[in-house]
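The values are calculated or read from the model by the stated rules, or taken from the named source; none is laboratory data. From a predicted model like this one, the values you see are computed outputs, not experimental measurements. No Cβ is skipped: glycine too gets one built from the backbone with ideal geometry, and neighbour counts run over all protein chains shown.
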Amino acid sequence: VNTDRLLRIQDSPPRLLVDVDRSDLTRLRVVLAGELDALGAAELSEVVVDVLRRHRPDHIEINLRAVPFLDSAGIGTLLSCRCAAQLLDCVLTVTDPHPLAHRVLRITGLLDHLGVTGAGVPRSHLGGLKP
Amino acid sequence: VSLETASRPPDAADDVQQWVLDDVAGLRRLRAGLFEALNGEPMPPDGQLDEVPEEVAIVATELATNAIRHGRPPTRVYLRRTEHTFVLDVADEDPDTTPEVAGPRAPGDGGMGMRIATKLAEAVGWYVDGTSKHVWAEFRIPPA
């Protein structure tokens, strides 16, 4: 799914899609697509609390590959989800952020704190958009 | 840290579009409107939009969220442009409080949003006009 196009052409405002990959119950992957704003953040928070309770994983990965929009409200929730996980001896990290999300995390000095791995490559380097 | 001095945005900018927001529920519609407006704007021959709409969307959200949470209604968002720049101007009716910029790792308040805004935009400033406080952000159209 090309989220950028989706954001630009949809008639109704887009929302956040949250998908939980339970193939490894010790290391759950929460894959997000869309806008991680204040509204999306509430959704994410609910899902993280639910999987923490249900599965008690050692690790939760939040995949932000398809999240070109991340604001301070979204960041606040990533941080509070990380704290909630920590209380249950679970490590929560951010993986594969969209270049824009990566920039926002770098600007706010949170790349290390959120254990960010992967991506962050400018979109123009991924090919397809520039001639 | 306060944004250092009250300053005006570039003078010669033309109006593109404006929005009025009552609450944070309007932010998604604002962003959809900004994407549509920016994608409909002609580019200079040596320029391209690139990631400008995404940057504008994030900064607009941060400035408007601050205005809604810490200012007085209504919140007005103006999009203006010159040949090579877009200017976002977010106004509320509270001229007495000045915008604050947080250091790194200070989540959860308006300061973090302003920090993001000052780093994503080319320039950010604020000024008072009558009964309104305006915070503006300028974005340069990148070279093609």
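Suppose we keep only residues that are assigned to a loop (DSSP other than H, G, I, E, B) and either more than 11 Å from every other protein chain (Cβ to nearest Cβ) or at pLDDT 95 or above (or both) within segment B:50-74. Which one would you say is surrounded by the most Cβ atoms within 10 Å (Cβ to Cβ)? The qualifying residue surrounded by the most Cβ atoms within 10 Å (Cβ to Cβ) is B:Gly71. Right, B:Val87: in contact (Cβ under 8 Å) with a residue 60 or more places away in the chain, more than 16 Å from A:Gly74 (Cβ to Cβ), more than 10 Å from chain A (Cβ to nearest Cβ) and touching a Gly at 6+ places or on another chain (Cβ under 8 Å) or not? So B:Val87 fails the test. If you filter segment A:1-37 down to residues that are of a type in the set (Gly, Ala, Ser) and part of a loop (DSSP other than H, G, I, E, B), you find that the one that is modelled with the highest pLDDT is A:Ser23.
Looking across segment B:40-62, the residues that are touching a Leu at 6+ places or on another chain (Cβ under 7 Å) and of a type outside the set (Gly, Ala, Ser) come down to B:Met43, B:Leu49, B:Glu51, B:Val52, B:Pro53, B:Glu54, B:Glu55, B:Val56, B:Ile58, B:Val59, B:Thr61.
Restricted to segment A:117-130, and to residues that are facing another protein chain (nearest Cβ under 9 Å) and not in a helix (DSSP H, G or I), which residue is modelled with the highest pLDDT? I'd like the intermediate steps shown before the answer.
As a first pass, look at segment A:117-130 and keep what is facing another protein chain (nearest Cβ under 9 Å): A:122-124, A:129-130.
With the extra rule that they be not in a helix (DSSP H, G or I), the set shrinks to A:122, A:129-130.
Numbers: A:Pro122: 55, A:Leu129: 37, A:Lys130: 34.
By that ranking, first place goes to A:Pro122.
Tell me yes or no: at least one residue of segment B:68-75 is in contact with a strand residue (DSSP E or B) (Cβ under 9 Å, 6 or more places away or on another chain) and free of Cβ contacts under 8 Å to residues at least 40 places away in the same chain. Within segment B:68-75 (the criterion being in contact with a strand residue (DSSP E or B) (Cβ under 9 Å, 6 or more places away or on another chain) and free of Cβ contacts under 8 Å to residues at least 40 places away in the same chain), the answer is yes, since at least one residue qualifies.
Is one or more of the residues making up segment B:20-27 within 10 Å of chain A (Cβ to nearest Cβ), without any contact (Cβ under 8 Å) to a residue 40 or more places away in the chain, in a helix (DSSP H, G or I) and surrounded by 14 or more Cβ atoms within 10 Å (Cβ to Cβ)?
The answer is yes; a qualifying residue exists.
Counting residues in segment B:116-124 that are farther than 28 Å from A:Leu114 by Cβ and out of contact with any Phe, Trp or Tyr (no Cβ under 8 Å at 6 or more places or on another chain) gives one or more.
When segment A:79-110 is filtered for residues that are touching a residue at least 24 places away in the same chain (Cβ under 8 Å), touching a helix residue (DSSP H, G or I) at 6+ places or on another chain (Cβ under 8 Å) and of a type in the set (A, V, I, L, M, F, W, C), the ones remaining, listed by number, are A:Cys81, A:Ala84, A:Ala85, A:Leu88, A:Cys90, A:Val91, A:Leu92, A:Val94, A:Leu100, A:Val104, A:Leu105, A:Leu110. Taking the conditions (1) more than 25 Å from A:Ala41 (Cβ to Cβ); (2) within 14 Å of chain A (Cβ to nearest Cβ); (3) modelled with pLDDT under 95 in turn, B:Thr98 satisfies each one other than (2).
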